[in-house]
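Heads up, the thing below is written out as structure tokens.
The values are calculated or read from the model by the stated rules, or taken from the named source; none is laboratory data. As the structure is a prediction and not an experimental result, all values here were calculated from the model. Counting neighbours? That spans all protein chains shown, and the Cβs are built from the backbone with ideal geometry, glycine included. For accessibility, only protein heavy atoms count, side chains too; no ligands or nucleic acids. Shrake-Rupley method; radii C 1.70, N 1.55, O 1.52, S 1.80 Å.
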Amino acid sequence: MSQAEWNAAVDRALTRLHLTYEQLREMACRRDFVSMEAMKLWLAIGEQDEERTRSAD
């Protein structure tokens with residue numbers, strides 16, 4: 001999977017959950033997710049998505 005495909009997949013998943021990456025990252029920091037789906041998405045992408053982490057800061 002290319003980086004562009006990865007980014008598109010992450011964007012689709014976030015859109016389905018009506019979340020931004022930053023919101024998801026903050027939930028992870030608090031260990032308080034709004035849904036099981038949000039927690040599963042974080043487990044799948046987490047901090048591995050370094051480009052989003054850098055652009056969010």
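For segment 28-44, the set of residues classified as over 10 Å from the mean Cα position of the chain (by Cα) and not aromatic (Phe, Trp, Tyr) consists of Cys29, Arg30, Arg31, Asp32, Val34, Ser35, Met36, Glu37, listed by residue number.
Filtered by the rule that a residue be within 17 Å of Trp6 (Cα to Cα) and open to solvent by 90 Å² or more (accessible area, probe 1.4 Å), segment 17-43 gives Lys40, Leu43.
Here's the yes/no breakdown for (1) at negative phi; (2) at pLDDT 95 or above; (3) of a type outside the set (Phe, Trp, Tyr); (4) in contact with a Cys (Cβ under 7 Å, 6 or more places away or on another chain):
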{"position": "Leu14", "(1), (2), (3), (4)": "yes, yes, yes, no"}
{"position": "Tyr21", "(1), (2), (3), (4)": "yes, no, no, no"}
{"position": "Phe33", "(1), (2), (3), (4)": "yes, yes, no, no"}
{"position": "Ala38", "(1), (2), (3), (4)": "yes, yes, yes, no"}
{"position": "Glu50", "(1), (2), (3), (4)": "yes, no, yes, no"}
{"position": "Thr53", "(1), (2), (3), (4)": "yes, no, yes, no"}
{"position": "Ala56", "(1), (2), (3), (4)": "yes, no, yes, no"}
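Annotation note: Cβ proximity below 7 Å between a residue of segment 20-48 that is within 17 Å of Ala8 (Cα to Cα) and a residue that is among the hydroxyl-bearing types (Ser, Thr, Tyr) (sequence gap 6+ or interchain) occurs for Glu47/Thr53.
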